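The values are calculated or read from the model by the stated rules, or taken from the named source; none is laboratory data. Values in this document were obtained by computation on a predicted structure and should not be read as measured data. Neighbour counts run over all protein chains shown; Cβ positions are idealised from the backbone, glycine included. Heavy atoms of the whole protein, side chains included, go into the accessibility calculation; ligands, DNA and RNA do not. Shrake-Rupley method; radii C 1.70, N 1.55, O 1.52, S 1.80 Å.
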Amino acid sequence: MAEDWIDVSVPLRTGMGHWPDNPPVLIERALDIEHGDAANVSKLSMGVHTGTHMDAPVHFFPTGKGIDSMPLTAAIGRARVIEIFDPVSIKPEELRPHLIQPAERILFKTRNSSVCWQTNDFVKDFVYISSEAAQYLAEQKIQTVGVDYLSVGGFFKDGPETHHALLGAGIWIIEGLNLSNVRPGLVELICLPIKFEGSDGAPARAILRLVN
Ligand SMILES: [Zn+2]
C-alpha cells in the first residue's frame, strides 16, 4: 500500500521569517465580508524567495532561464532524502558514501527542519551546502537539489558561490522545505513553483511520499 503524501511546504503567513534584505510577507484582506464587501479577497506582498520556493537560473545569472522555463520533471518524480548530520554545513566527505548518481533529485534533511521553522526570526546559523559540496553535486550531474531552509548557500559563507555552482550546472533548486516528518530514503516528489513569467524564483507547494 502506498504511504500517505506528506506536505513538506511551510505555511505562508504575515510576519514569517525571511532572508534579512528580502521584503517581508504581508497577507491581508483587500475585500472583506466583515466590512461589507461581497467576498473575501486577500492581497499578498512578499519576496519570491521566502517560505518553500524554487530558484531559477536568472536568480544569479542575468541572462538565465526564469522559473516558468523549468521542466516539470525537475521537481516531479523519484527523489532521495539524505540525512545530514554535520551541524554546520553539507560537505563532500559526508556526501560521497551516498553514491549520488546523475539525474538524481536530492533533498537534504538537516537539523534545520526541526530548528529553523519554530521561529519567525531569520536563523543565521542554518546548515547550508558548502561551495565544495555544491561543486561535487554539479560534478555528479544531479537534476535537482532541495534544502530545508531559505538558501542553498550559507548566510555567512558560500551564498553566491554555492548558487553559482548549482544553477550554473543546470541544477534546479528547491529551498525552504520542512523535512522534519520525513525519514531518509527514496520518495516520490511533487513540487510545483507558481508560474511567474521570467521570475528568479517562485513559491511552491511540495509534497512527497515514501517509496517502499
Ligand atoms: Zn531562493
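Summed over the stretch 144-155, the residues that are farther than 18 Å from Phe60 by Cβ and over 13 Å from the mean Cα position of the chain (by Cα) give a count of 0. Considering the stretch 34-73, the residues that are of a type in the set (D, E, K, R) and assigned to a loop (DSSP other than H, G, I, E, B) include one that is farthest from the ligand (Cβ to nearest atom), namely Asp37.
For Val127, are the conditions met, namely being touching a helix residue (DSSP H, G or I) at 6+ places or on another chain (Cβ under 6 Å) and more than 15 Å from the ligand (Cβ to nearest atom)?
yes
Between Ser9, Ser114, the distinction of being among the polar types (S, T, N, Q), within 16 Å of the ligand (Cβ to nearest atom) and either open to solvent by 40 Å² or more (accessible area, probe 1.4 Å) or in a loop (DSSP other than H, G, I, E, B) (or both) belongs to Ser9 only. Within the stretch 119-134, the set of residues being touching a residue at least 40 places away in the same chain (Cβ under 8 Å) and either under 15 Å from Gly159 (Cα atoms) or outside any loop (DSSP other than H, G, I, E, B) (or both) comprises Val123, Val127, Ile129, Ser130, Glu132, Ala133. Where strands (runs of 3 or more DSSP E) fall wholly inside the stretch 145-212, no range has 2 or more residues that are open to solvent by 60 Å² or more (accessible area, probe 1.4 Å) and within 13 Å of the ligand (Cβ to nearest atom). Would it be correct to say that Gly77 is more than 15 Å from the chain's Cα centre (by Cα) and either under 20 Å from Arg205 (Cβ atoms) or in a strand (DSSP E or B) (or both)? It is true that Gly77 is more than 15 Å from the chain's Cα centre (by Cα) and either under 20 Å from Arg205 (Cβ atoms) or in a strand (DSSP E or B) (or both). Scanning the stretch 138-154 for residues that are touching a Pro at 6+ places or on another chain (Cβ under 9 Å) and within 26 Å of Asp7 (Cβ to Cβ) gives Ile142, Gln143, Gly153. Considering the stretch 34-53, the residues that are out of contact with any Gly (no Cβ under 6 Å at 6 or more places or on another chain) and among the hydrophobic types (A, V, I, L, M, F, W, C) include one that is surrounded by the most Cβ atoms within 10 Å (Cβ to Cβ), namely Met46. Within the stretch 135-144, the set of residues being open to solvent by 10 Å² or more (accessible area, probe 1.4 Å) and not hydrophobic (A, V, I, L, M, F, W, C) comprises Gln135, Tyr136, Glu139, Gln140, Lys141, Gln143. Note on the stretch 80-100: residues that are part of a loop (DSSP other than H, G, I, E, B) and among the acidic types (Asp, Glu) amount to 1.
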